[in-house]
Amino acid sequence: MATDASFTIKGGRVGILLLHRLCGTPVEMRFVANGLAKLGYTVHCPQLAGHCGSAADIKASTWVDWYRSAEDALFDMRKDCDVVIAGGLSTGAVLALMLAAKHPNKVQATALMAPTLWLNGWMIPWYARFFKLVSHKSVANLFSFPHHNPHGIKDSRIRDFIQRARASAGAAAAGHPVTPGGAVFEHRHLVNAVCKLVPHIRQPSLIVHPLEDDYAALSNATYLSGKLAGNVELVVLDDCYHIVTVDRQRHLVVEAIDRFAASLTRADISNPVVTLNTRQQSVA
């Protein structure tokens with residue numbers, strides 16, 4: 001049975017919804033959530049359906065279940081917040097886009113961290129592309145995708161800590177070590193649904209993406225930057241891998257979201273592409 005790892009940090013009337021990645025956990029959003037809460041935002045990190053439990057739980061869940069989890073969390077946030085920025089990591093970012101498309105009056109902007117439409121990062125083996133030929137979930141669940149080094153994290157010390165946490169506390173603390181093929185199958189259908197909606201999303205969007213993403217290449221971010229109907233700010237990180245919320249430049253993710261949220265009060269939002277490095281401590 002899944003452990004509920006959801007958490008909320010109460011703050012002001014501007015809320016930031018943070019959705020975790022596929023086979024991940026709200027715990028991976030903790031650093032960013034705490035950083036934003038210290039700046040006065042209300043932050044909610046829900047657990048997506050089927051997560052933080054067994055492999056069978058993940059296999060049984062669908063993208064519609066994941067979306068309903070995100071939607072319920074959005075409705076809860078709107079009870080306390082006048083403005084909500086829907087954000088997420090990887091698959092969580094894709095779900096945030098769907099929230100923006102389906103609820104334009106409830107979502108004022110999106111904050112997309114390493115959005116993953118396609119698994120095309122440098123770590124993904126070439127033969128993985130053939131998985132798209134699988135057309136039935138029952139067949140998809142015969143496959144699995146083990147997580148290999150560097151596990152989306154460039155910093156070896158952080159990576160070792162996550163691996164120890166996974167070994168000691170399991171999925172509730174550190175996510176699943178293997179992604180079932182059925183979950184990848186559901187992700188594909190989620191992406192197909194969202195891509196049809198992307199040209200109609202008019203809210204401002206922040207995209208934070210690693211230059212060296214091992215799971216999802218930068219093309220995911222540039223595609224969205226070109227297709228979204230609203231203003232887009234693209235921030236490219238140069239010293240981390242896929243899980244930007246825990247890797248070396250996680251503090252820059254907090255700064256970027258804070259800067260973006262503050263910009264929503266201005267009538268004119270620019271569209272810069274900003275490249276950050278470890279020597280540059282500000283996104284300004």
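The values are calculated or read from the model by the stated rules, or taken from the named source; none is laboratory data. Small disclaimer: the values here were computed from a predicted structure and weren't measured. Glycine gets a Cβ as well: all are built from the backbone with ideal geometry, and neighbour counts include every protein chain shown.
Checking Gly11, Gly15 one by one, the residue that is touching a Gly at 6+ places or on another chain (Cβ under 8 Å), more than 25 Å from Phe161 (Cα to Cα), modelled with pLDDT of 95 or more and of a type outside the set (Asp, Glu) is Gly11 and no other.
Scanning segment 30-47 for any residue that is part of a helix (DSSP H, G or I), in contact (Cβ under 8 Å) with a residue 24 or more places away in the chain, more than 16 Å from the chain's Cα centre (by Cα) and more than 21 Å from Thr245 (Cβ to Cβ) turns up nothing. One residue stands out in segment 48-66 among those that are of a type outside the set (A, V, I, L, M, F, W, C) and part of a helix (DSSP H, G or I): the one that is surrounded by the most Cβ atoms within 10 Å (Cβ to Cβ), namely Lys59. On inspection, Tyr241 qualifies as touching a Gly at 6+ places or on another chain (Cβ under 8 Å) and modelled with pLDDT of 90 or more. Test Asp247 against the stated conditions and say whether it is surrounded by 21 or more Cβ atoms within 10 Å (Cβ to Cβ), modelled with pLDDT of 95 or more, of a type in the set (Asp, Glu) and more than 22 Å from Val64 (Cα to Cα). Answer is yes for this residue. Of the listed requirements (1) in contact with a Ser or Thr (Cβ under 7 Å, 6 or more places away or on another chain); (2) touching a residue at least 60 places away in the same chain (Cβ under 8 Å); (3) crowded, with 16+ Cβ neighbours inside 10 Å, Lys10 misses just one: (3). Does Lys132 count as charged (D, E, K, R) and modelled with pLDDT of 90 or more? Criteria not met by Lys132. Against the list (1) of a type in the set (D, E, K, R); (2) buried (at least 20 other Cβ atoms within 10 Å of the Cβ); (3) outside any loop (DSSP other than H, G, I, E, B), the condition Arg21 fails is (3).
Met123 meets the stated requirement of being in contact with a Pro (Cβ under 8 Å, 6 or more places away or on another chain), under 21 Å from Gln249 (Cα atoms), at pLDDT 85 or above and hydrophobic (A, V, I, L, M, F, W, C). Filtering segment 81-108 down to residues that are out of contact with any Gly (no Cβ under 7 Å at 6 or more places or on another chain) and part of a loop (DSSP other than H, G, I, E, B), which residue is surrounded by the fewest Cβ atoms within 10 Å (Cβ to Cβ)? Applying the filter and picking the extreme gives Asn105.
Restricting segment 239-267 to residues that are of a type outside the set (A, V, I, L, M) and either assigned to a helix (DSSP H, G or I) or touching a Ser or Thr at 6+ places or on another chain (Cβ under 6 Å) (or both), the residue that is nearest to Leu112 (Cα to Cα) is Phe260. Screening segment 208-252 for residues that are among the acidic types (Asp, Glu) and free of Cβ contacts under 8 Å to residues at least 60 places away in the same chain and picking the one that is nearest to Cys195 (Cα to Cα) gives Glu233.
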